[in-house]
Structure formats: structure tokens, C-alpha cells
1. Consider only pairs whose beta carbons are under 8 Å apart and that are at least six residues apart or on different chains; among these, list those whose first residue lies in segment 128-147 and is assigned to a loop (DSSP other than H, G, I, E, B) and whose second residue is surrounded by 13 or more Cβ atoms within 10 Å (Cβ to Cβ) and not aliphatic (A, V, I, L, M).
2. Would you mention how many residues in segment 284-298 are outside any helix (DSSP H, G or I) and either surrounded by 18 or more Cβ atoms within 10 Å (Cβ to Cβ) or not assigned by TED's automatic domain parsing to the domain that holds HIS308 (or both)?
3. Answer with yes or no whether ALA192 is under 17 Å from LEU306 (Cβ atoms) and assigned to a helix (DSSP H, G or I).
4. Looking only at segment 185-196, filter to residues that are at pLDDT 85 or above and charged (D, E, K, R); which one of those is nearest to HIS312 (Cα to Cα)?
5. What number of residues within segment 223-264 are part of a helix (DSSP H, G or I) and at pLDDT 75 or above?
6. Could you count how many residues in segment 197-222 are of a type in the set (Asp, Glu) and at pLDDT 85 or above?
7. What's the number of the only condition in (1) in contact with a helix residue (DSSP H, G or I) (Cβ under 6 Å, 6 or more places away or on another chain); (2) at pLDDT 85 or above; (3) of a type in the set (A, V, I, L, M) that MET182 fails to meet?
Amino acid sequence: MLSLLSDIAAYRPLLALKGMKWLDIDDALISQAMPFWTEYDIQRICKNLCDKGIILLDSAPYVESRRLTLAFNETQPIAAANNSPLPIVNMGVGANLISPTWQPDRELMRQIAQYNIPEDFVRLQLPEFITYWRERGETSHSWGAKFLKDLLHKWRNHETQTAKQQRNIETDFIKRDQEIAMYSEWRPSQDALEVLVKHANISLAFVEDAIPEFMLYWQERGEVGRTWNSKFIQHVKRQWVRYSSALEHDTEPRRIPDNWQPSNDLFDVLRLANIDMEFAKRQVAEFLLFWRDSNQVYASWNTKFLQHVKFHWAKQHALTLSTSLTLTSQQGNHHAGQQLANPTGRTRDRSLAEQLNDRSWAR
């Protein structure tokens, strides 16, 4: 209550009487500022503060008068019930810097407890609160009120984040337990990644490259299931076997030949990835032009071309899937199995110069 009264005094005109400055407030403002106390609580706490010499009262008991007229008695030492010094709290007209050892008093902790905020959460916020306000060098009439306001904001954020995490956990549990269609936020589980990377010795980059094409394939089919992770493991393992057998194992890197063409084994790998062959063949010319001009050397141009095709296939379908979903929504057609993109269309809407300067696939 002392903190709240100090805040009210900072923003209301005080009456100069009897050599002191008095704060006069009616029950409307008191009810708004202190809705958690009954009128009997307000009367009891005010009397308690007056008996300790912290404030002076010039009004009748609150239950009868429905108003408080008080002054902060700054001439008296302020002590807790056990006679230990209270934290630095301004008693009205002045303002103080926060003490490096500032702590919420028992009354403030009782008020915080009414919001069901755990004490350990309160203690965790203190260092940051004190450091922040000491670095700013600002003064306040009531650090207790400031701390309560800051604490409530952080507690609400904490509760929101906790609730969101709980919803995500529940959603994941439901998705694992029920048959669902492939969705745009799907990712293989950590267990699935460990099976592929640690146990099957498959490159993590290869696994990640396979995710967009796997999602797209099953989204377009519109099927539902509860074993997407198992399907993904099988899909990647099949691709990896063909990919490994298709790799060139030349001991000496070389420039790309002028008449270079992808091997038949490489096209088999692309078929396993459900990538359109016409799309892949259209990539050869610009791929060859880029690497001839770059004058770089590699041992396996099939590997480079595979990375190039998979990267641009995923980019094209990320664009066409989004565009098709928008058109489908506008037309009111939500059939899960509807084809969303024409695999024989343009690969992207950028110029050839932009495509050739895109080195994100040149790894």
C-alpha cells in the first residue's frame, strides 16, 4: 500500500497544511488503485502504517469516511517489525536511486503472491531489474510499484510462452497418435535423423536436401498416415544407395568438359527423388555455362549437378505450391489431392544472370 500511495502522490497535487504536504484521495480512486483489498483491509493497513509512524492520518476511519487524507512522515526512521532496515523507498515528495541491495519487502511479496507468481520466479527477476535501473541512473518514488509492474509483464509473457509450448507438445502428440496429411511445417523427428545420419552414415546435408521434395510429393498426393518418419527414412535410404553408386571417384579434380552431360545413373537418382526429367535436362545448359566460366575444378560434376537440380527443384515448388494454394483458396477448391504445380513449367521467375550469380548451390 505504501508503494501505491507513493505513486499516487507523485501524480496528484498535495495540500500544504500544518507545515506538511497532504494527500487527499476518495474511495473511487482507492478502489481503482487497490481492488484487491476490502475497505476493512485498507482501514487496517493505514492504521498499521500510522501506528508505526510511517504516515500521518488526518481523516476519519476509512470505512466511515470513504476517503484518506494522509502525509508521509519523513522525519521518522522506517523499520520493519523485526527492526531491520527496509529497502530504500521514497515516502512521497522526493525520489531516490535504487539501491544495489534493493529487495521487495514483505508487503510487496504478499501482494505479488495474490497473482500466484512463484517466489523463485520473483527472485530471478531482481538482478536484471536492479542492474537496468542503476545503469539508467533514474530515480523513482516507489521502486516497489515499478518492480511489481515489470514483474507482472514478465510473468504474463512467461505464462504465454509456457502455454504455447504446452500446446505444441499436445499438437505433436496428437499428430503422432493420429493419421494426418503431410503439412507444410513437417520435419523429420530427431530419432529419424539419428537413424539416417548416425546409423546409416548418410550425410546430414543430403538428408536435409531430401525434405522439401518428400513433403511436396506427399502433399500433392493428399494421403494421410501416421508413419511419415518411417516413410522418410526409406525414401532417403533408397536415394542414398543410388546416389552413392552414381558418384564418380576420380582421384584428380578437373574442369568441366565442354560436352559434359549427366550420367544415366544420376537421372535414376533424380527419378527416385520424384524430380521431373524434363526439368532436370533444362538445367544442363546453364549449369555447364556457369562452371565453364568459373574455371573451377571438381572430381565429380554429377554430384554438383545433383545438388544444383535438387536445390532449384525445391525452390520452384516452394514458389508454385504457395501460388497454387492461394489460387485454390480464392476459387474455394480445397481438394487435398489436387495437383498444385505444373512440373513442366518454368523453373523460376528470375533472369538467367540472377540464376547464374546464385552461388548458394555451389558448395
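1. Every condition considered, the pairs that remain are HIS141/SER6; HIS141/ASP7; HIS141/ASN90; HIS141/GLY92; SER142/SER3; SER142/SER6; SER142/ASP7; SER142/ASN90.
2. First pass over segment 284-298, keeping only residues outside any helix (DSSP H, G or I): 295-298.
Right, trim to either surrounded by 18 or more Cβ atoms within 10 Å (Cβ to Cβ) or not assigned by TED's automatic domain parsing to the domain that holds HIS308 (or both) and you get none.
Counting residues in segment 284-298 that are outside any helix (DSSP H, G or I) and either surrounded by 18 or more Cβ atoms within 10 Å (Cβ to Cβ) or not assigned by TED's automatic domain parsing to the domain that holds HIS308 (or both) gives 0.
3. Taking the combined requirement at face value, the residue does not satisfy it.
4. Here is the first cut: in segment 185-196, the ones at pLDDT 85 or above are 186-196.
Filter once more, keeping what is charged (D, E, K, R): 187, 191, 194.
On the way: ARG187: 20, ASP191: 28, GLU194: 27 Å.
Ranking the candidates gives ARG187 first.
5. The number of residues fulfilling the criteria is 15.
6. Total satisfying the criteria: 1.
7. Going through the list (1) in contact with a helix residue (DSSP H, G or I) (Cβ under 6 Å, 6 or more places away or on another chain); (2) at pLDDT 85 or above; (3) of a type in the set (A, V, I, L, M), MET182 breaks only (2).
The values are calculated or read from the model by the stated rules, or taken from the named source; none is laboratory data. These numbers were taken from a predicted model, which means no experiment stands behind them. Cβ atoms come from the backbone with ideal geometry, glycine included; neighbour counts cover every protein chain shown.
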